[in-house]
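Participant: This structure is in C-alpha cells; I'll ask about it shortly.
Please treat every number below as a calculation from the coordinates, not as lab data. Because the structure is predicted, anything quoted here is derived from the model rather than measured. No Cβ is skipped: glycine too gets one built from the backbone with ideal geometry, and neighbour counts run over all protein chains shown.
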Amino acid sequence: MDDRIEAVQRMQEYIEENLYSDITLDNLARVSGFSPWYAYRLFVLYLNITPSAYIRKLRLSKSALRLRDEKIKILDVALDVGYDSVDGYQRAFCREFGCNPKEYARCPSPIYLFKPYKVKYSVMRKEEQTMQTRNIFIQMIEKPQRKVIIKRGTTAKDYWTYCSEVGCDVWGLLTSIKSISGEPICCWLPEKYKTENTSEYVQGVEVSTDYDGVVPDGFDVIELPKCKYLMFQGEPFEEKDFGSAIEEVQKAINNYNPSVVGYSWNSDEPRIQLEPIGTRGYIEMLPIK
C-alpha cells in the first residue's frame, strides 16, 4: 500500500478517535509521518476536502444524530462539538443541513449527513487481496413486516456501480432516518419490487409500517412482509482486507444449502447487505422459506 494512502488513513483514524478534542494540523502531521504542509496536501488530494472542513462536517453530523435520538439541550450539543455559543452552532448547522437545529430536534427530517469512507476502501477496491480463510457464522433471524425507503439506481448490481450511478452521499441521508434495525441497508431486489428501467441493487432504510415521516425527493417506499433470514457474518477484519472479507462470506453463501436446516432460499424477497465494518465482520442476510 502506498505510504501516502496509509498516511491519509492514519489521519482519518486520528480524527475519529479525537473528534471532540482540539485537532491541529501539527497533530495530523505527526500521525501521518509527513510535514504539516505535505500532510494537508495529501488529505485534500485523496479526500477532496480540507481537514478543518472534514472535522466540522463530521462533528455536525454526529450532533444531528444526538438531536434526533436524545433529549438534550441545544447548548450542550453546541459546547460538545466545539462551539462557544448556540448562535454559532445554529448558523453552522443551518449552513450544513439547511434547517435550524431546534426545529430538527423537534421534528427530525431526512438530511444529508457527512459519512466519510476510509481512503483505503476506494483506493484498494480493485486491488488483488488475499486473506487467510476464517470462520463464517450463520444465524437465523426474523424480520417483521416493514417499509423500506429506497433510492433506486438504473443498472447497478453492486455497491460500486450504484455509487457511480447515484452517488455515495445517499448513505448519509439514509443514516439520518431512524431505522428499526439501527442502520441503513443495501439490498438486491427481486423483480416484483423493481420498477421499469431501475436497478436490482438499491440502498434504503427500514422503518415501521406506520411510518408517516418525510420521504426524500427521488426516493420510493416499498413494503416488505415478515420474513425469516439466514444471516452470514464473517470474523472481524482489518480494513485493508475488506475485499477478501466480502468474498469469503459470499463464497460461503454460494456453497451453503439451506435444506440442512429445513428451509430453501426465498427468491421472492430481497437479499440484504450491511455496511462492511471491520470490528464486527462483513454481513449479508438471505431470505428463506
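Participant: How much mean residue ellipticity at 222 nm does the chain get from its helices, if each DSSP H run of length 4 or more adds -39500 (n - 2.57) and you divide by all residues, to the nearest 500 deg cm²/dmol?
Facilitator: For the chain, the value works out to -11500 deg cm²/dmol.
Participant: Work out how much length GLU238 to GLU165 would gain on full extension: take 0.36 nm times their residue separation and subtract the Cα-Cα distance, in nm to one decimal.
Facilitator: So the extension gain works out to 23.5 nm.
Participant: One-quarter of the Cα convex hull surface for the chain, in nm²?
Facilitator: About 16.4 nm², averaged over all directions.
Participant: Also, I was wondering about something else. Could you grab the relative contact order for the chain? Cα pairs under 8 Å, six or more apart, rounded to a whole percent.
Facilitator: Reported relative contact order: 17 percent.
Participant: For the chain, modelled as a GNM with alpha-carbon contacts under 10 angstrom, which of VAL214, VAL205, VAL261 fluctuates the most?
Facilitator: Of the options given, VAL261 has the highest mean-square fluctuation.
Participant: Still on this structure, please answer the following. Using only Cα atoms, what is the ratio of the radius of gyration of region 136-288 to 2.2 N^0.38 Å?
Facilitator: After normalising by residue count via 2.2 N^0.38 Å, the value is 1.02.
Participant: Let me ask something additional. Under a plain spin-label model, where a point goes 7 Å from the Cα along Cα-to-Cβ, how far apart in nm are GLU142 and TYR256?
Facilitator: 1.9 nm
Participant: 7 Å from Cα along Cα→Cβ at both ASN135 and LYS178: what's the point-to-point distance in nm?
Facilitator: 3.6 nm
Participant: Viscosity 1.002 mPa s, temperature 20 °C: give me the Stokes-Einstein translational D for region 29-158 in µm²/s, with Rh taken as the Kirkwood radius over C-alpha pairs.
Facilitator: Translational D for this selection: 114 µm²/s.
Participant: Also, quick follow-up: Among 134-145, 104-115, 154-165, what's the highest-first ranking by average C-beta atoms within 10 angstrom per residue?
Facilitator: By packing density, highest mean first, the sequence is 104-115, 154-165, 134-145.
Participant: Within the set LYS73/LYS178; LYS73/LYS120; LYS73/LYS151, which residue pairs have Cα atoms separated by over 28 Å?
Facilitator: Over 28 Å apart, Cα to Cα: LYS73/LYS120; LYS73/LYS151.
Participant: How would you rank ARG4, ARG68, going from fewest to most other Cβ atoms within 10 Å of each one's own Cβ?
Facilitator: Lowest to highest Cβ neighbour count: ARG68, ARG4.
Participant: Here is a follow-up. Excluding same-chain residues fewer than 8 positions from LYS71, which aspartates and glutamates have a Cα within less than 19 Å of its Cα?
Facilitator: ASP80, GLU103
Participant: Right, something else. GluC sites (Glu not before Pro), restricted to region 1-99: which are DSSP loop and have at most 15 other Cβ atoms within 10 Å?
Facilitator: Sparse-neighbourhood loop GluC sites (Glu not before Pro): GLU70.
Participant: Based only on other Cβ atoms within 10 Å, what is the fewest-to-most ordering of LEU28, LEU286?
Facilitator: Fewest-to-most ranking of LEU28, LEU286: LEU286, LEU28.
Participant: With charges set only on the Cβ (+1 for Lys and Arg, -1 for Asp and Glu), what does the dipole of the chain come to about its Cα centre, in debye to the nearest 20?
Facilitator: 360 debye
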